[in-house]
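Here is the structure we will look at.
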Protein chains: 2
Amino acid sequence: MTPQELRAQIATGEFDSPTPNCCGGHIQANLVALPKTYAADFETFCRKNPKPCPILEIVGPGEVHTSRLADEADLRDTLPRYKIWRNGIAQAEVTDIHDVYREDLVFFLLGCSFSFEAALMRAGIHLRHAEEGKNVAMYDTTIELEGVGAFQGNMVVSMRPFHHERVVDACLISAHYPKIHGAPVHIGYPEMIGIADIMHPDYGDSVKILEEEIPVFWACGVTPQNVLRRAKLPFAITHAPGHMFVADLKDQAFYQETVNN
Amino acid sequence: MTPQELRAQIATGEFDSPTPNCCGGHIQANLVALPKTYAADFETFCRKNPKPCPILEIVGPGEVHTSRLADEADLRDTLPRYKIWRNGIAQAEVTDIHDVYREDLVFFLLGCSFSFEAALMRAGIHLRHAEEGKNVAMYDTTIELEGVGAFQGNMVVSMRPFHHERVVDACLISAHYPKIHGAPVHIGYPEMIGIADIMHPDYGDSVKILEEEIPVFWACGVTPQNVLRRAKLPFAITHAPGHMFVADLKDQAFYQETVNN
């Protein structure tokens with residue numbers, strides 16, 4: 001299925017599942033939509049925390065169609081699931097946002113680690129959540145973010161277990177994609193970043209970790225949802241964890257030869 | 001102290017200690033010297049196992065002076081300590097090899113992880129063994145090598161503990177130096193690579209690992225010594241672990257922009 005076909009199925013409601021295993025090799029994106037009053041602070045927040053919140057495209061206010069990530073995709077119905085936030089509480093999960101859309105909304109599309117999964121698989125690295133047909137496991141952590149205005153809090157991370165011989169490979173491969181979370185933020189010891197029980201993720205699905213495997217953690221674009229809970233904005237919209245915007249652009253478009261952290 | 005000055009002190013016997021904390025920013029090298037009968041097989045062995053045995057320079061037979069790593073350093077007395085091997089047993093540790101030198105010896109200088117330690121320190125990463133004024137900790141492992149002729153066995157690794165927030169940085173920085181062991185071979189769980197007791201290294205000194213720290217393991221140029229034990233060649237010479245050849249070349253000479261594993 002092409003991203004265009006997938007987004008068409010999403011718009012009609014035919015597809016409303018998590019997207020980690022969709023359209024391999026294409027970029028996926030997290031969504032945060034906020035009234036324009038908060039947009040400047042949120043953009044600064046993203047720029048100060050580029051590992052969890054790498055900005056790929058900003059759309060609006062007064063505009064709902066992408067131009068960079070995809071040619072004219074309507075952000076109101078091309079993600080499989082949205083969360084509607086009021087006063088810091090996710091009040092509803094919906095499959096389109098036409099009825100709650102407001103002209104003053106600014107849409108932020110942020111990089112997503114699903115985007116480098118195809119590169120990991122091209123290197124022969126197995127992804128447990130893909131094998132198990134699950135959403136990726138995500139966790140709240142104690143890793144502090146740089147706060148801006150109302151936007152304060154801790155990082156959310158995604159976790160993938162790898163055979164110990166492939167951990168460094170996964171680290172180096174993902175490092176080539178700094179705009180889609182880049183290298184891991186932690187390798188090996190969940191308790192060191194405040195994760196008490198690896199088998200009970202705060203978002204997504206739990207996956208098996210085998211004896212010879214090590215959990216590897218990447219900054220996650222669900223981080224703004226953790227931050228929204230604390231910011232208590234009167235109104236906001238996000239994607240539901242794992243239910244991403246699937247773009248026309250391919251991962252190669254974000255590959256960088258030079259690797260830094 | 002410059003590398004030239006250090007090597008002069010070594011040649012007179014004034015300096016005979018481990019070199020990890022010497023001449024920061026300069027390449028250091030492991031030494032293996034073998035009768036020329038074994039040189040071709042050993043060179044093939046190194047090329048098939050480039051992580052532990054990256055060849056920096058080959059000198060001889062009939063020649064004892066470097067030309068690439070340093071301008072005319074006599075390899076018979078410019079390393080602080082040598083081991084003399086007979087039939088797979090290290091029979092003596094000496095400070096020069098003038099009296100056992102033979103015209104048929106071929107000297108292999110192999111990359112050493114001390115060479116990227118300056119780059120780690122430039123990034124503000126602390127090195128416990130440097131702080132404690134010790135040799136680095138090295139361990140035999142269960143990581144199998146690709147065997148060639150008599151040269152068979154398992155990898156030796158060096159270990160450095162880092163605060164968990166700097167582990168990925170250390171991984172990425174060292175990855176830029178593929179000719180000096182490059183990225184780590186393992187992160188986090190010593191038992192997974194056959195290390196039963198992290199506090200009792202097989203070579204070098206043990207160092208403290210703090211609660212917030214994770215041990216990171218690099219392929220080590222002591223690997224050929226493990227292999228020599230099994231190969232039981234009638235005669236060979238190596239450096240003593242940690243007592244390296246300190247070169248004129250700087251780490252920048254081996255920096256590579258492109259990072260692969």
In the range A:191-204, residues that are among the small types (Gly, Ala, Ser) and within 14 Å of another protein chain (Cβ to nearest Cβ) total 1
When you check residue B:162 against the structure, is it out of contact with any Gly (no Cβ under 9 Å at 6 or more places or on another chain), at negative phi, within 14 Å of chain A (Cβ to nearest Cβ) and crowded, with 20+ Cβ neighbours inside 10 Å, yes or no? yes
Checked against (1) in contact with a Pro (Cβ under 9 Å, 6 or more places away or on another chain); (2) within 12 Å of another protein chain (Cβ to nearest Cβ), residue B:235 satisfies every condition except (2)
**Asked** Is one or more of the residues making up the range B:71-83 crowded, with 21+ Cβ neighbours inside 10 Å, among the aliphatic types (A, V, I, L, M) and over 16 Å from the mean Cα position of the chain (by Cα)?
**Response** yes
Within the range B:54-70, of all residues that are hydrophobic (A, V, I, L, M, F, W, C) and more than 17 Å from residue B:7 (Cα to Cα), the one farthest from the chain's Cα centre (by Cα) is B:59
For the range A:34-57, the count of residues that are touching a Lys or Arg at 6+ places or on another chain (Cβ under 9 Å) and farther than 30 Å from residue A:123 by Cα equals 1
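Only one residue in B:207, B:167 is touching a residue at least 40 places away in the same chain (Cβ under 8 Å), farther than 19 Å from residue A:211 by Cβ, within 8 Å of chain A (Cβ to nearest Cβ) and in contact with a strand residue (DSSP E or B) (Cβ under 9 Å, 6 or more places away or on another chain), so which one is that?
Numbers: B:207 fails: within 8 Å of chain A (Cβ to nearest Cβ).
Among B:207, B:167, only B:167 is touching a residue at least 40 places away in the same chain (Cβ under 8 Å), farther than 19 Å from residue A:211 by Cβ, within 8 Å of chain A (Cβ to nearest Cβ) and in contact with a strand residue (DSSP E or B) (Cβ under 9 Å, 6 or more places away or on another chain).
Going through the range A:210-232 one residue at a time, which ones are closer than 25 Å to residue A:133 by Cα and away from chain B (no Cβ under 14 Å)?
A:220, A:221, A:222, A:223, A:225, listed by residue number.
Quick one: is residue A:227 in contact with a strand residue (DSSP E or B) (Cβ under 7 Å, 6 or more places away or on another chain), assigned to a helix (DSSP H, G or I), more than 23 Å from residue A:252 (Cα to Cα) and modelled with pLDDT of 95 or more?
Spelling it out, residue A:227 is indeed in contact with a strand residue (DSSP E or B) (Cβ under 7 Å, 6 or more places away or on another chain), assigned to a helix (DSSP H, G or I), more than 23 Å from residue A:252 (Cα to Cα) and modelled with pLDDT of 95 or more.
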Just one listed residue, out of B:207, B:227, is of a type in the set (A, V, I, L, M, F, W, C) and touching a Lys or Arg at 6+ places or on another chain (Cβ under 8 Å), and it is B:207
Could you say whether any residue in the range A:136-146 is within 14 Å of chain B (Cβ to nearest Cβ), surrounded by fewer than 22 Cβ atoms within 10 Å (Cβ to Cβ) and either modelled with pLDDT under 95 or out of contact with any strand residue (DSSP E or B) (no Cβ under 7 Å at 6 or more places or on another chain) (or both)? no
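Residue by residue through the range A:179-190, note down the ones that are within 11 Å of chain B (Cβ to nearest Cβ) and under 20 Å from residue A:223 (Cβ atoms).
Let us first name the residues in the range A:179-190 that are within 11 Å of chain B (Cβ to nearest Cβ), namely A:182-190.
Correct list: A:182, A:183, A:184, A:185, A:186, A:187, A:190.
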The range B:14-100: strands (runs of 3 or more DSSP E) wholly inside it with 1 or more residues that are acidic (Asp, Glu), touching a strand residue (DSSP E or B) at 6+ places or on another chain (Cβ under 9 Å) and touching a residue at least 12 places away in the same chain (Cβ under 8 Å) are B:55-59, B:89-94
Taking the range B:13-57 and the residues there that are modelled with pLDDT of 95 or more and among the hydroxyl-bearing types (Ser, Thr, Tyr), the one that is surrounded by the fewest Cβ atoms within 10 Å (Cβ to Cβ) would be B:37
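Can you find even one residue in the range B:205-220 that is touching a Phe, Trp or Tyr at 6+ places or on another chain (Cβ under 7 Å) and buried (at least 24 other Cβ atoms within 10 Å of the Cβ)?
Yes, the range B:205-220 contains at least one residue that is touching a Phe, Trp or Tyr at 6+ places or on another chain (Cβ under 7 Å) and buried (at least 24 other Cβ atoms within 10 Å of the Cβ).
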Given the conditions (1) within 11 Å of chain B (Cβ to nearest Cβ); (2) surrounded by fewer than 24 Cβ atoms within 10 Å (Cβ to Cβ); (3) within 30 Å of residue A:236 (Cβ to Cβ); (4) not aliphatic (A, V, I, L, M), every one holds for residue A:174 apart from (2)
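For (1) farther than 29 Å from residue B:190 by Cβ; (2) part of a loop (DSSP other than H, G, I, E, B); (3) modelled with pLDDT under 95; (4) of a type in the set (A, V, I, L, M), each residue gets a yes or a no:
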{"position": "A:161", "(1), (2), (3), (4)": "no, no, no, no"}
{"position": "A:166", "(1), (2), (3), (4)": "no, no, no, no"}
{"position": "A:183", "(1), (2), (3), (4)": "no, yes, no, yes"}
{"position": "A:200", "(1), (2), (3), (4)": "no, yes, no, no"}
{"position": "A:210", "(1), (2), (3), (4)": "no, yes, no, yes"}
{"position": "A:217", "(1), (2), (3), (4)": "no, no, no, no"}
{"position": "A:221", "(1), (2), (3), (4)": "yes, yes, yes, no"}
{"position": "A:246", "(1), (2), (3), (4)": "yes, no, no, yes"}
{"position": "A:253", "(1), (2), (3), (4)": "yes, no, yes, yes"}
If we ask which residues in the range B:101-131 are in contact (Cβ under 8 Å) with a residue 40 or more places away in the chain, among the aromatic types (Phe, Trp, Tyr) and within 23 Å of residue B:236 (Cβ to Cβ), their number turns out to be 3
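The values are calculated or read from the model by the stated rules, or taken from the named source; none is laboratory data. Since the model is a prediction, treat every value here as computed from it, not as a measurement. Neighbour counts run over all protein chains shown; Cβ positions are idealised from the backbone, glycine included.
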